[in-house]
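Reading through the structure tokens given below for one structure.
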Amino acid sequence: MTDLLLILLSVAGIWGMGLTVTLVLLTPIFRSTQTQSSLTELLGLGLVFGFGSTAFFYFLWGWIGFAYTSVVAWSWMGVGLLLGAGSLLMRFRVSQKISNETEASSAEDDFKKLCLAIVLFLGLTTLIQSLMTPQRFWDERAIFGLKSIVLFQEGTLQNEALLHPDFVQYHPKYPLLLPLNETHLYLLLGEVNDRWSKIMFPLLYLGMVLCFQGVLQRTTRQPARAWIFTLMLATVPSMVPWEYGFLSGQGDGPVACFHTITLLYLWSYLTEAQKTEPDPAVLKMLPLIAGLSAGMTIFTKDEGIAFFLIDLIAISIVCLLYFRDRLLSLAFNAGKFGLTTVLLVTPWLLYRKHLPVTTEMTYFSRMQITNLTEGLAALQWAVTHLLQCMFLEAWSWGLQWWALVISLFAYPARAFRPHQLFLLLNLAGALSALIIAGMIAPTPVQEHIGGSSLRFLLQISGGAILFIAGQWMEDLE
């Protein structure tokens, strides 16, 4: 019972820190748009950013040379509880004012309550299923769980175990967002409990879903449709109940969460940019939020680096194609997205230079014509395998790819709007990156892509659902 209370308080503290950061970022947008969905967006993004801010705090604390102690963990939790309570009180007063000025039919209110109940039920069942087992898969134990145990027991980031190539095995340079959050929970509990530490993953799932709904509703002003597509995201089988998704302690679910949040805010930014009179406050803040989320993706798994580069290339192409009359101002905002991400992850990139090299794939150094030429024989197998996973095994992993193709052919003109084209370029770039990685990897393509394709498709499924939503929403004006 004591452990349960501590875990609930720790989650509340983490959420409180995230709510405070999120409220600062979203307040200019709330003041401009004044929509009821803002509370959902605040709660969802606050939950996601809570785990992100906790990890970055612990990393900077350890990087400077300070020790990880229970006093640090309790202090972080206490400050988070106080700040979170204050943030909720401030937002509650604003939301009360908005709700008094906004009229909505009783049928619409009932539908929203039903959808919210379904989302909360899905979140609860995901939480229960996740906590039924301790960490048991290779990645969650050997890559992430092992580091969190070392950090908890040694009490410092500067320890010899993390520098020993045999001890850290195949992934010494893996990012630390997950291990540091697990370390925070262990410090509060006073022991290693790899069952309770898994509470982070279903909560990231819930935060992603709530934020998805809030951004859709704020951007499109269509609450009913926003909830429908939110439920579509929440019920993607590869996210839940697939055991390697948000039910496990592996990094693919969190990457899907942070990457989806990044795409959400870049997509919302482009919808605002194409308006006749875009809101300067919205244009100012959305790339910053996306940049923070992209940095959290990188700090979760190395795939985040590829996603960040693809995001940056895709939004640059869209700005060049559609906004040449405002290219300077939009380029500045796109640059803000990139700069925020780089600044956030620079300390980690500097730290990881000192970590040992073992069996990393070193994709960038292998990006050579000779390796690509040698990998052409694997191209057909890789493409066939991906298409089979996406379309022929849809009943197991989700119908999102079929729905994407149907949406594309149903409204082809809408697919070439800036925000939708950005998502298409992003998805195409991600799939191309996976195929190229399989071609240049030193391992056989059947082993490399065959073992990672489902998890990679999980990571980009949020972008597919967002594209589907954008296709079936009415005009944004």
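The values are calculated or read from the model by the stated rules, or taken from the named source; none is laboratory data. In this text, all values refer to a predicted model and were calculated from it rather than measured experimentally. Positions of Cβ are generated from backbone atoms using ideal geometry, with glycine treated the same way; all protein chains shown enter the neighbour counts. Just the protein is used for accessible areas: all its heavy atoms, side chains included, with ligands, DNA and RNA removed. Shrake-Rupley method; radii C 1.70, N 1.55, O 1.52, S 1.80 Å.
May I ask you to rank Trp267, Trp242, Trp395 by accessible area, largest first, using a 1.4 Å probe over the protein chains only?
I get Trp395, Trp242, Trp267, largest accessible area first.
Leaving out same-chain residues fewer than 8 places away, which lysines sit with a Cα under 25 Å from that of Lys113?
Straight-line reach from Lys113, under 25 Å: Lys97.
Show me, for the range 40-48, the HN-Hα J-couplings you get by feeding each phi into the Karplus relation (A = 6.51, B = -1.76, C = 1.60, θ = phi - 60°), rounded to Hz, glycine and proline as x.
4, 4, 4, 5, x, 5, x, 5, 5
For the range 1-76, list log₁₀ I(q)/I(0) at each q in 0.18, 0.24 Å⁻¹, using the Debye formula over Cα point scatterers of equal strength and ignoring solvent, two decimals each.
The computed values of log10 I(q)/I(0) come out as -0.78, -1.06.
Which ³J(HN,Hα) values in Hz, rounded to whole numbers, follow from the phi angles of the range 116-133 under the Karplus curve 6.51 cos²θ - 1.76 cosθ + 1.60, where θ = phi - 60° and Gly and Pro get x?
Calculated HN-Hα couplings, in order: 5, 5, 5, 4, 5, 5, 4, x, 5, 5, 5, 4, 5, 4, 5, 7, 5, 10 Hz.
Taking the solvent-accessible surface of protein heavy atoms with a 1.4 Å probe, what is the per residue accessible area of the range 280-325 in Å²? Could you put the intermediate results ahead of the total?
On the way: 1600 Å² over 46 residues.
Accessible area per residue: 35 Å².
Rounded to a whole number, what % of the accessible area of the chain do carbon and sulfur atoms account for, probe 1.4 Å? Each step should come with its number before you reach the end.
Working: 13310 of 19750 Å².
Carbon and sulfur atoms account for 67 percent of the accessible area of the chain.
Give the peptides 399-411, 226-238, 134-146 in descending order of average Cβ contacts within 10 Å, highest first.
Sorting 399-411, 226-238, 134-146 by mean packing, highest first, produces 226-238, 134-146, 399-411.
Any idea which of Pro165, Met232, Pro175 is furthest toward the positive side of the dipole for the range 159-235, if Lys and Arg beta-carbons carry +1 and Asp and Glu beta-carbons -1?
Of the candidates, Met232 comes out farthest on the positive side.
Could you give the length gained on full extension between Asp109 and Leu387, defined as 0.36 nm per residue of separation minus the Cα-Cα distance, in nm?
Details: separation 278, 0.36 × 278 = 100.08 nm, distance 4.02 nm.
Length difference between fully extended and current span is 96.1 nm.
Quick one: if you take sqrt(5λ) for each eigenvalue of the C-alpha gyration tensor of the range 158-248, what semi-axes come out, biggest first, whole angstrom?
The three semi-axes for the range 158-248 are 35, 14, 13 Å.
Whole-Hz Karplus ³J(HN,Hα) for the range 251-262, in order, using 6.51 cos²θ - 1.76 cosθ + 1.60 and θ = phi - 60°, x for Gly and Pro?
x, 6, x, x, 4, 4, 5, 5, 5, 5, 4, 4
Which value, in Å² and to the nearest 10, is the accessible area of Phe92 when all protein chains are kept and the probe is 1.4 Å?
Only protein atoms counted, so the area is about 110 Å².
Quick one: grab the alpha carbon gyration tensor of the range 221-290, order the square roots of its eigenvalues as a ≥ b ≥ c, and give me rounded if a/c is under 1.5, else prolate or oblate depending on whether a/b is larger than b/c.
oblate
Let me cross-check Lys173: its accessible surface, 1.4 Å probe, with only protein heavy atoms counted, in Å² to the nearest 10?
Its accessible surface works out to 30 Å², give or take rounding.
Could you tell me the accessible area of Met77 in Å² (1.4 Å probe, neighbours in place), rounded to the nearest ten?
About 10 Å², rounded to the nearest 10.
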